[in-house]
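Here is the structure we will look at.
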Amino acid sequence: DRTMPLARPTGQIPDAAWTSGFREMTEPWKGAVGCLGVAVFFAMTIGIISWQALEQSPEEWVLRGRAGGMLWERRRGALLLRALPAGRTVAVIAVGGVPAAEPPPPRDRCWHDGGQFCYAWEEDAELRLSLEPPPAPATECYGVRWTPLRPDVMLKDCFSMANVSWYGGASIRAQRWPLNGAESHAQPFVSGDFSKNPAGYGPVLERYFLGSTGVTVTVAPDVPLFLSLESNRHFCLETPAGRAAVPLRYLLCVSPDVAAAHRHVQTPWLFPPCRSPIWRYYGPAGSAAKIKRGLRSLAKRLKRHHLQEGVLALGERCTAILAAAVRPDHVPSEQRKRHDSTRVWDPSVIKPLQLSITLSPYASIASPLFLRSLRDGEAESYWLSLQPRFGGCSVPVLTTWKGRLCARLNVTSEAALSWYLARARRLQQALGATYMVFEGAEGNAFLEQAVPPPAELMGDRYTRALAAALATLGNATVISAGARSSHLPLFVQMSPLRSDWSHAGLKGVIPSVLHYSLLGYNFFIPDAVGGSLASDTPGDPELYVRWLQIVTFLPVMAFSTPPWLCCDAWVLNLTQQCIQRHRDFVVPLIIKYSEEWLSLGYPIFRPAWWLSPTDPTAFTIEDEFLIGDEVLVAPITEKGQTWRDIYLPGEGHLWMDTNTARVFDGGTILRNYSASLAEVPVFVK
């Protein structure tokens, strides 16, 4: 008989024996075994938690460069930009649109490339970080690219304002410096008209943000961008959901300090000259004859008060009335000849003053110009139009402009631009105008009607295209908006301000000056002395004087209300002194620093931190500004005050008060410094 092989003992208790043995255990033994199991489970739990705490740091390096790197912070689901070797955090970017609680693990899809980090949140979004070529030796740059993996994913990165002051970006109704005190809901990052949308963004903006820690954020120009500002918390960059795979792309650069970060931003081309002051005409405007008499009367009054230099500026309505009298577009040639002798405009009646006229890219739908284009079948070529989906005729995009329903010039048509520029040149020649102002360059007519714009007019491409065309008219041209056009030889007209002491009025002047200059728009025309928009307390002589003292130190002085109409005789004398000071002291300074702007790209009008880039006190000063590195202007912006605290930047420098010749150390604060209503504190380094 065969014998079965013996089974090798396994050392395990047979099931039957285990069961019977457990049953035979006493109750105390059962309790002991249960407690032991609980203890083992508890110990394992503590061990896992301890391992996570010890082995998994709350912060993890995902990309390191020579001077800094990017980390992922698990607790907040945020990217950190950190400068080395000090290890200071220069930017905190909270990530939205992806499950932030899920941290990127050590696995890196770009592990083979030390200059990149890649990670994907499954079915949500993909993140790619990359080291990019720096613009300067002491600067390091990182590319950030978010790509949605589903059309309904809205990408959103929020930059913390904790311990960082931010500048740049968009102009707002009540301008702040820095942006930390501003508030705005998420909306398209497109230039706008405050008269249409007071809560929107203003006429000058750039996809460039500067942090006081020495970090810059530059968003790619082709990204459909939304921006929101939450006061003293963060600002957020967003891409709209619903578009398949539209990435959010921007460049982060870190430099030793805030001034060094901005010094390599851009280099402009040319700078335009402009005579000052500008006197805006608000006289009778019912007919060409009334306008001529009003201009002649204003010119005589200015001469009588020894203010005969400068420019008389006509608004769009007066320009149209006067132009129709000289070169009517809709009157037959025989009739035109018969009336020319009585309608001719002679610029010599206002000499030595020069004339400025105002145009816009809008045409009323009731105007002969627009009706003729419809009749001739040229509406699509000359005006922005909606293309039908299924054949048929295109329809002009209509929008409101100064209370009228209008069509807007099609800047994507070479024929339309050529016609528009030729018409502007003819009007300039016929009226003998030295300067031309073009209003209405801001905004996107398609977005205003909630219609997706064509690719060639996405975002602010309309403003940029119009600015490039207007630059061909010469450097005596003024435009009302700027977007990626700071390199063009154009003056930019600032938005109207309220006639009050708020940030929408006088307090907003210096923040606007610093904002425009930081973004490269150094040659701007500020709003008229005293403000252009009515307030609850019109005709405030003190406000007029304090406003006058600020614009004395800007590129151009502009007036809508002559001093003899608002104030006592001493204000007229002060206006004469300020105009002379502007001509003899300020203009040579601006010319000097415009050469530095041309060669190095440094702004002409500079914040206090330009000379104190590591002093936190300088980061929030919004009521002082520098002209170059050598003149500090610190005006009074509070009603009823004849004193103020003045921060003198630049430790190690000396500053002399031009009113008293007293000398003070830089890097200090002058407390309760006296400045009477007739004085403005100005210091020379």
Requiring at least 1 residues that are open to solvent by less than 10 Å² (accessible area, probe 1.4 Å) and in contact with a Cys (Cβ under 6 Å, 6 or more places away or on another chain), the helices (runs of 4 or more DSSP H) wholly within region 532-594 are 541-551
All conditions in (1) in contact with a strand residue (DSSP E or B) (Cβ under 8 Å, 6 or more places away or on another chain); (2) open to solvent by 20 Å² or more (accessible area, probe 1.4 Å); (3) hydrophobic (A, V, I, L, M, F, W, C) are true of Trp610 except (2)
*May I ask you to verify whether Arg426 is out of contact with any Gly (no Cβ under 7 Å at 6 or more places or on another chain), more than 26 Å from Asp527 (Cα to Cα) and open to solvent by 30 Å² or more (accessible area, probe 1.4 Å)?*
yes
Open item on the list: Against the condition closer than 26 Å to Ala363 by Cα, modelled with pLDDT of 90 or more, out of contact with any helix residue (DSSP H, G or I) (no Cβ under 7 Å at 6 or more places or on another chain) and surrounded by 15 or more Cβ atoms within 10 Å (Cβ to Cβ), how does Gly315 come out, does it pass?
Closed with: yes
Filtering region 188-225 down to residues that are small (Gly, Ala, Ser) and assigned to a strand (DSSP E or B) yields Gly211
Residue pairs within 8 Å by beta carbon, gap of at least six or interchain, first lying in region 441-458 and touching a residue at least 12 places away in the same chain (Cβ under 8 Å) and assigned to a helix (DSSP H, G or I), second open to solvent by less than 20 Å² (accessible area, probe 1.4 Å) and of a type in the set (Ser, Thr, Tyr), listed first then second, are Ala445/Thr399; Ala445/Tyr462; Glu448/Thr399
Requested in this report: Could you check, for region 509-517, whether at least one of its residues is hydrophobic (A, V, I, L, M, F, W, C) and part of a strand (DSSP E or B)?
Outcome: no
Among Leu506, Leu473, the single one that is more than 24 Å from Ile627 (Cα to Cα), touching a helix residue (DSSP H, G or I) at 6+ places or on another chain (Cβ under 7 Å) and not β-branched (Val, Ile, Thr) is Leu473
Q.
Just checking, does region 140-155 include any residue being open to solvent by less than 20 Å² (accessible area, probe 1.4 Å), farther than 14 Å from Tyr250 by Cα and small (Gly, Ala, Ser)?
A. no
Only one of Pro616, Pro588 is at negative phi and free of Cβ contacts under 8 Å to residues at least 12 places away in the same chain, namely Pro588
If you go through region 369-381 one residue at a time, do you hit one that is of a type outside the set (A, V, I, L, M, F, W, C) and modelled with pLDDT of 90 or more?
no
Practice item. Determine whether region 172-187 contains at least one residue that is hydroxyl-bearing (Ser, Thr, Tyr) and open to solvent by less than 10 Å² (accessible area, probe 1.4 Å). Key: no
Counted residues in region 532-554 being under 23 Å from Pro607 (Cβ atoms) and either modelled with pLDDT under 95 or aliphatic (A, V, I, L, M) (or both) come to 4
Scanning region 459-496 for residues that are in a loop (DSSP other than H, G, I, E, B) and farther than 19 Å from Glu206 by Cα gives Gly474, Asn475, Ala476, Pro496
Taking region 654-685 and keeping only residues that are assigned to a loop (DSSP other than H, G, I, E, B) and in contact with a strand residue (DSSP E or B) (Cβ under 8 Å, 6 or more places away or on another chain), one is left with Thr658, Asn659, Arg662, Gly666, Gly667, Ala675, Val680, Pro681, Lys685
Of the residues in region 196-218, those that are surrounded by fewer than 22 Cβ atoms within 10 Å (Cβ to Cβ) and without any contact (Cβ under 8 Å) to a residue 40 or more places away in the chain come to Asn197, Pro198, Ala199, Gly200, Thr218
Selection over region 488-511 where residues are crowded, with 23+ Cβ neighbours inside 10 Å and among the hydroxyl-bearing types (Ser, Thr, Tyr) yields a count of 2
Subset of region 442-479, residues over 30 Å from Ser276 (Cα atoms) and of a type in the set (S, T, N, Q), comes to Asn444, Gln449
For region 543-582 the number of residues that are within 20 Å of Val492 (Cα to Cα) and in contact (Cβ under 8 Å) with a residue 60 or more places away in the chain is 10
Filter region 414-449 for residues that are out of contact with any strand residue (DSSP E or B) (no Cβ under 9 Å at 6 or more places or on another chain) and polar (S, T, N, Q); the one that is nearest to Val204 (Cα to Cα) is Ser418
Scanning region 642-667 residue by residue, the ones that are open to solvent by 50 Å² or more (accessible area, probe 1.4 Å) and of a type outside the set (D, E, K, R) total 11
Exception for Ala481 within (1) open to solvent by 10 Å² or more (accessible area, probe 1.4 Å); (2) closer than 24 Å to Leu210 by Cβ falls at (1)
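The values are calculated or read from the model by the stated rules, or taken from the named source; none is laboratory data. From a predicted model like this one, the values you see are computed outputs, not experimental measurements. A quick note on method: Cβ atoms are made from the backbone with ideal geometry, for glycine too, and the neighbour counts reach across all protein chains shown. All accessible areas refer to the heavy atoms of the entire protein, side chains included, with ligands and DNA or RNA removed. Shrake-Rupley method; radii C 1.70, N 1.55, O 1.52, S 1.80 Å.
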